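Notes follow once the structure below has been shown.
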Amino acid sequence: MNLIFTCGGTAGHINPAIAVANMMRERHPGCNILFIGATGHMEEKLVPKAGYELRCLPASGLSRKVNLAALKKNLYAVKCVLGAVDACKKIIREFQPDVILGTGGYASFPALYAGSVMGIPTCVHEANALPGLTTKLAASRADRVLVAFEQSVAHYKKPEKVQTVGMPVHRDFIYARREEARERLGLGDTPLVVSAFGSQGAKMMNETVAELFRLEKEDGFPFRHIHATGSFGWAWMPKLVAEKGVDLSQSPQLEMREYIYNMPELMAAADVFIGRAGSGTCNEIAVSGTPAILIPSPNVTANHQEKNARVLSENGGAVWIPEGECTAQTLYTQLKGLLAEKDRRQRMAEALRLMAVPDSTERICDILEELIRR
């Protein structure tokens, strides 16, 4: 059995593909797996680290602006796609895949298109509430379209080939237990707040959290707060926090890290999570049942994060605040309100778990096996 996974750009596209690849390898130990991604993106680190072969091709996103620079960018993007399709056809002829799964990113479309033209079963997974450009382009030719949210099905022209499968997440998010996690962290009855805004961080939100630390200090540190700055914020945020009069070495209730490596454990233990509304984050809090305050990034294509946040909010699982309205005081007011209402948090956790699909990886693997048999 030969399998091609194509993804790229962000961890939200790459990690689900790796999760499915891992399970397919468990089910079929002798299978051959190849990833196709884009040059110069995160897949160049994550995929080899997971132990899989990766072929990278030049890729470029499209610009929605109307000016000369945007025109040049779009012409280059089209050139990259055409070249990538030819390159993918060559890879497919050599590798002879039984099925191709794309999980998003600019690199996905050329491989999915080339595979469909060559008669290879293809499957595309969309993690966001609304389909992105890659999914829209690939959906018309794909054998199956897989979506994370039930509400997403209505956005496709051929709903009969759309299946709701949820979003593959790391197994630890599913199996981590709150009591055990809190005991390991030595929390006792102390409320825990966890905040993170991506692996690189978001400057404006890190600045907001620095001010939030000051408010927490003035209020006598009413809860424990663990914050991930991301790689960019780690260089300057400690100094900013100190300038606001908060000495982290003398504030045991506050903890700042560059990156949170034990996020499944912290999600399980947390009373409230604060972060962006990327598809990966939304599905992780859903599976773990962690009440959340979401501040969607305004800088993503088609405003996907706001749409994701609205889905969780409308189902009662999260509070969302537009970034432009998210001052430290606004955030603190919302946070203290949630921490004071245990029953509300419990209702939010229940709503999130109703939305979650804990066997998402298994469902996708079943579909891939079905396509291979056909």
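FYI, it's all coordinate maths here, none of it is from the lab. Model, not experiment: these values are computed from the prediction. Cβ: placed from backbone, ideal geometry, glycine included. Neighbour counts: every protein chain shown.
Values for this structure:
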item: The chain - mean residue ellipticity at 222 nm from DSSP helices (-39,500 (n - 2.57) per run, n ≥ 4, rounded to 500); result: -15000 deg cm²/dmol
item: Label point distance in nm, S140-E255, each placed 7 Å from Cα along Cα→Cβ; result: 5.1
item: Computed label-point distance, nm, for sites L133 and N262 using a 7 Å Cα→Cβ extension; result: 4.2
item: Footprinting exposure proxy for T134, T10, T333, T361 (fewest neighbouring C-beta atoms within 10 Å first); result: T333, T10, T361, T134
item: Most fluctuating residue given options S251, S108, S152, as computed from a GNM of the chain linking Cα atoms under 10 Å; result: S251
item: Total formal charge among the other residues, if their Cβ is under 15 angstrom from that of A235, Lys/Arg +1 and Asp/Glu -1; result: 0
item: Trypsin sites (Lys or Arg not before Pro) within the range 288-339, DSSP loop, no more than 10 other Cβ atoms inside 10 Å; result: none
item: In Hz, Karplus ³J(HN,Hα) per residue of the range 237-246 (6.51, -1.76, 1.60; θ = phi - 60°; x = Gly, Pro); result: 5, x, 5, 5, 4, 5, 5, 8, x, 10
item: Pair-distance profile P(r), taking every C-alpha pair of the range 255-374, with 5 angstrom steps and integer %; result: 2, 11, 19, 20, 20, 13, 6, 4, 2, 1, 1, 0
item: For A292, residues with placed amide H under 5 Å, excluding near neighbours; result: F273, V319
item: H28, H41, H227 arranged by Cβ crowding within 10 Å, fewest neighbours leading; result: H28, H41, H227
item: Of V287, V300, V145, the one that fluctuates the most in a GNM where the chain has Cα springs shorter than 10 Å; result: V300
item: For R55, distant residues with modelled amide H under 5 Å away; result: F35, I36, G37
item: For the range 134-161 versus the range 86-123, the gap between their alpha-carbon centres in whole angstrom; result: 17
item: Where labels lie 7 Å past Cα in the beta-carbon direction, separation of Y175 and T39 in nm; result: 4.1
item: Isotropic mean projected area of the C-alpha convex hull, the range 172-355 (nm²); result: 9.7
item: Karplus (6.51, -1.76, 1.60) ³J(HN,Hα), θ = phi - 60°, over the range 103-119, in Hz, Gly and Pro reported as x; result: 10, x, x, 4, 6, 5, 4, x, 5, 5, 5, 4, x, 5, 5, 8, x
item: Length added when fully stretched, H28-N2, from 0.36 nm per residue minus Cα-Cα; result: 8.3 nm
item: GNM flexibility winner over the chain from H225, H125, H155 (Cα, springs under 10 Å); result: H155
item: Inter-centroid distance (Cα atoms) of the range 182-211 relative to the range 339-374, Å; result: 24
item: The range 218-230 - phi-based ³J(HN,Hα) in whole Hz, Karplus 6.51/-1.76/1.60, Gly and Pro as x; result: 4, 8, x, 6, x, 8, 8, 10, 10, 10, 9, 7, x
item: Fewest-first sequence of R373, R353, R276 by Cβ atoms within 10 Å of each Cβ; result: R373, R353, R276
item: Over the chain: Kirkwood hydrodynamic radius from C-alpha pairwise inverse distances, Å; result: 21.6
item: Distant-in-sequence amide H partners of H125 (H built 1.01 Å from N, under 5 Å); result: G102, T103, G104, L146
